[in-house]
Structures are given as structure tokens and as C-alpha cells.
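The values are calculated or read from the model by the stated rules, or taken from the named source; none is laboratory data. Values in this document were obtained by computation on a predicted structure and should not be read as measured data. Quick reminder, even Gly has a Cβ in these numbers, built from the backbone with ideal geometry, and neighbours come from all protein chains shown. In case anyone asks, the SASA skips ligands and DNA or RNA and just uses the protein heavy atoms, side chains included. Shrake-Rupley method; radii C 1.70, N 1.55, O 1.52, S 1.80 Å.
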Amino acid sequence: RFKIHFTRAGRHAVPLADANTNNVPDHVESLADQYDEVHTFYHDTLGYQEPPTDENVASGNGGDARFDVYLLDFARSSDGQFVAEACTNAGRCTGFMVQENDFAGYSYPSAAVGNRVLASHEYFHAVQAAYVTGASSVLGEGTAVWATERYDGTMDDFEAFLDGFLQNPDRSLDKPLPGPVDPFSYGSAIFFRFLEERYEDTVIRRIWESMVPGANGIAQPTMMEALDATLTLQYQSSLAQAYLDFATWNLMMGARSDPSRSYVNGRDYPAPTMELVVPPVQETNLRHFYASTLYRVVPVEGRTSMTARVVASPGLDPSLDGLELLLATRTRTSVGPIQHVTATAVPTPLTTTSVTEIVVALVNTNSSGNSKRPSLCIGSPEEVDACVAAVSAGGVDAGVPPADAGSGGDTPPTDPPGPCWCAKVTSSFGGTWLVLLGLALVRARRRR
């Protein structure tokens, strides 16, 4: 099903070792076997549809209908990429792979590992193109990193990328970071791992099926529409409920992991960034984007009980629809029972006599729309009551807020164009390949 294109001489030469003396370098044979294995896993085991063949491409189809893989020396500017070359009116595309010829000087422990990572990640982009092209880079790169982990959980790419997402929990789920190399999109694999564990791994394939133009009655589904349709129609859930559960699971990662309430391998995952705030807390006119979470860690400092309240900010949008509040005590190794209330409800105070801190999460479960502008009070019950009274009486700056800038909501950034999520593709092997340099360096730093 694959044809590997390589050379034995010059800059792009592959390693020439040929232990079985069949006149094909072992490196190339190993890679061909790797692609066959990945193909079997994605299509036969997980049930994804195959990419269209290139047999009807007028020229440059590699000589036949097999999927083409070209081995080139990227000189550490990149390690590989799927390139779409011909698309149907429905947006389904065929293409080819270009990837590093020998991985010399890369951070992969061996060329075999490099081949395994590249084959599983980049070929999954070809699988995605069998459904639709031009999807959000969050969906494209997030599910490709997820797929590599699902294929072989012993590789470390998944864990290495997570910080890019978890350091930005206050960013809307579907909004990539600006720039040619976006760690948020790659790190969003944690959300797709959550969906797999919370529901089943079939959910990822069903999301891609829901991305096909016209699926579920939506002419050109967005990532958020496909997520909500899949969860609603297939799992009797919703994106709002799933995102709330996701924010809850993320309270229990790293040293505080709890497989009975969160990820199976949560101990291997970094915790999301949480802001340390000193009580009594009165945060006014917060800007809270859709599908994002504001995490707060609050020291007890001798208080015997603590709580939190969400208050509509005077002079701003009074609606708290879609906002949910999570709060729990926590130690260095565990998180207590997590209390969940809607933003308009009054939670039961937490007993804090035997802990040193609590954690509070304000979750915006909306999947679109402008940002919310609530105020947040945290402290002892008496301190919170006083804070609520002060905010409600207008004891805050109720001026007109500036326009949103960058995390979704009022003025969201646009997604990268085109069908290939790893970089913009041109008709030559020129400078556009260099946009992956930053990602390659990030990967190298994290592996070291």
C-alpha cells in the first residue's frame, strides 16, 4: 500500500546498512513495515476510512496508486509532513508524505523511533484528509498526537506536548495560539485523551465523521459543532457537559492524580497552570472566554472554613449562563471531594482545618459567543458575604471593558489556512518548511 522513495547518494542518502543483503537498505525496509503496521492499526483496528488513492492524479503521483513517502534531509528544520495534492469537491484529499531521511542529529533515541513517531503522526493527517481538509489546527494536531499515543503509548510525544495546552487553560478550546508553531494545538491532545477515557476511543473517529460537510445537517461543520453533535447524538451528552468534566479531571493530575476519578495515567501528565491568589479574594470584571477554565489556588491561612461565589459585575453583561464553579480542598498528594455548583448557586463551605489550601475552578462551558465578565469572591464565609455585597453594590470598576484580544470570544484569532496543519505548503521545497523549526526545537528540549 506504500511506496518509499529514497536515494543512496548525496545529501538525501538513507543509511545504507543491508543486513539481509537483499539490496534494499534496512532503514527503508523498516520504514515500509512501519507504515504497513500503522495502516492496519488505523483502518482495520480503529475503523478509520482510508485516504483516496492518487491513481487519478494527472502527474506526479509517484508512479502508481500506492501512498508515496519521500525521504529527504531536512537538516533539523523539520522532521516530516503530510502534503495534500488533489482534492474532491467534497474536500477529501489525497497526498503524500515527506519525512527525514536518517534522523541524524535529532533528539529521537534512534531512527527507528523517529520513523515510528512520524509514520503514526503524519499518516494520521492523511487519514483526516479522507474526511475533510481545512479543519482547525487544534483538531488536526490534537488528534494526530492522540493517535500516536493510542498507537503506541510507550512513546513520549504525547506527554511532551501537554504543557503547551495546560499552560493556557484560560484559552478557548478551539483557538490556536498565533504563530507558525502552536504548542496549544499539539497539547490539546489531552482533551482528546479525556474524550477517549470518558466515553470510548471511537468518539474521535465519530468526531471526524461529524466534520464531513453536511454531516448532522450542518453544511460546513466547525470543530465545536462536530464535537457537540457527536456527544449529543452518540453519547447522550453535550460539549458543555464534557468540557465541565474535562476541567474537573484536570484538577487531579501529576502528584494529585486519582485514576478512579480522572485519567488512568494522570500521574504522568503535568497539572494545568493555576494562579495563586491570597484570601480574601475579590477579583472583579474577569474576562472569561468560552470553553476555558480559570483555576485558582488559595492558601487557607488559618481559616477553619472557606468558600467561593461568582457575582455578576455591575455595569457589564449580567448573564452568568454557562458558568460553573468547582471547589475542593487539596494537599500535596490529593484533592478532596469536588463540589460543583452553577455560578448562580451558593456552595456549601469547605472545612479547612486539616488542609493548607483550596482549589477553585471557574468553568465557562459555552462553546461560542462573547467572553463573560463575572467577579469572583473567595475566602471565609464571612469574607465572601462581604465581597458579594461590595461587588453587588458597585464597589468595583464598572467601566466599559476593552475588546477581547486573543483567547476566543469577542475578537478571536483566525485559524491557520489550508489543509496541512503542520505548516503552510507551497509548490516547492523552499522556505516554508522552516516554520517547523520551532516545533522541532521544542520537542528536542522536552526530550532532553
With more than 26 Å from T365 (Cα to Cα) and out of contact with any strand residue (DSSP E or B) (no Cβ under 7 Å at 6 or more places or on another chain) as the only criterion, which of Q128, Q167 stands out? Q128
As an exercise: evaluate Q236 against (1) of a type in the set (S, T, N, Q); (2) open to solvent by 40 Å² or more (accessible area, probe 1.4 Å); (3) touching a Leu at 6+ places or on another chain (Cβ under 6 Å) and give the number of the one condition it does not meet. (3)
How many residues, within the range 244-265, are open to solvent by 10 Å² or more (accessible area, probe 1.4 Å) and under 25 Å from A226 (Cβ atoms)? 4
Within the range 91-147, residues open to solvent by 10 Å² or more (accessible area, probe 1.4 Å), in contact with a helix residue (DSSP H, G or I) (Cβ under 9 Å, 6 or more places away or on another chain), of a type in the set (A, V, I, L, M) and closer than 19 Å to D73 by Cβ come out as A104, A111, A112
Only residues that are in contact with a Lys or Arg (Cβ under 6 Å, 6 or more places away or on another chain) and at positive phi: list them for the range 196-238, please. none
Of all residues being at pLDDT below 95 and hydrophobic (A, V, I, L, M, F, W, C) in the range 25-64, which is nearest to the chain's Cα centre (by Cα)? Just the residue, please. V57
Of residues in the range 266-299 being open to solvent by 70 Å² or more (accessible area, probe 1.4 Å) and free of Cβ contacts under 8 Å to residues at least 40 places away in the same chain, the one farthest from the chain's Cα centre (by Cα): V278
Do we find that E357 is without any contact (Cβ under 8 Å) to a residue 12 or more places away in the chain and not β-branched (V, I, T) in this structure? no
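Would you mind finding the one in T230, T304 that is touching a residue at least 24 places away in the same chain (Cβ under 8 Å), of a type in the set (S, T, Y) and closer than 28 Å to V391 by Cα?
Numbers: T230 fails: closer than 28 Å to V391 by Cα.
Going through T230, T304 in turn, the sole match is T304.
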Could you count how many residues in the range 186-214 are assigned to a helix (DSSP H, G or I), touching a Gly at 6+ places or on another chain (Cβ under 7 Å) and open to solvent by 30 Å² or more (accessible area, probe 1.4 Å)? 1
Taking into account only those residues within the range 300-327 that are more than 25 Å from T353 (Cα to Cα) and hydroxyl-bearing (S, T, Y), which is surrounded by the fewest Cβ atoms within 10 Å (Cβ to Cβ)? S319
Restricting attention to the range 25-38, does a residue exist that is open to solvent by 20 Å² or more (accessible area, probe 1.4 Å), among the hydrophobic types (A, V, I, L, M, F, W, C), farther than 30 Å from A219 by Cα and out of contact with any strand residue (DSSP E or B) (no Cβ under 9 Å at 6 or more places or on another chain)? no
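On the basis of being modelled with pLDDT under 90, under 18 Å from E209 (Cα atoms) and not small (G, A, S), does R76 make the cut?
Numbers: modelled with pLDDT under 90: yes; under 18 Å from E209 (Cα atoms): no; not small (G, A, S): yes.
No; evaluated as a whole, the condition is false for this residue.
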Give the number of residues within the range 101-146 that are in a loop (DSSP other than H, G, I, E, B), in contact with an Asp or Glu (Cβ under 9 Å, 6 or more places away or on another chain) and closer than 22 Å to A13 by Cβ. 6
Does R66 satisfy being of a type in the set (D, E, K, R) and within 22 Å of A189 (Cβ to Cβ)? no
Considering only residues of the range 70-90 that are touching a Gly at 6+ places or on another chain (Cβ under 6 Å) and open to solvent by 40 Å² or more (accessible area, probe 1.4 Å), which is farthest from T222 (Cα to Cα)? R76
Leading residue by the ranking (surrounded by the most Cβ atoms within 10 Å (Cβ to Cβ)) among those in the range 328-384 that are in contact with a Pro (Cβ under 6 Å, 6 or more places away or on another chain), not hydrophobic (A, V, I, L, M, F, W, C) and not in a loop (DSSP other than H, G, I, E, B): G379
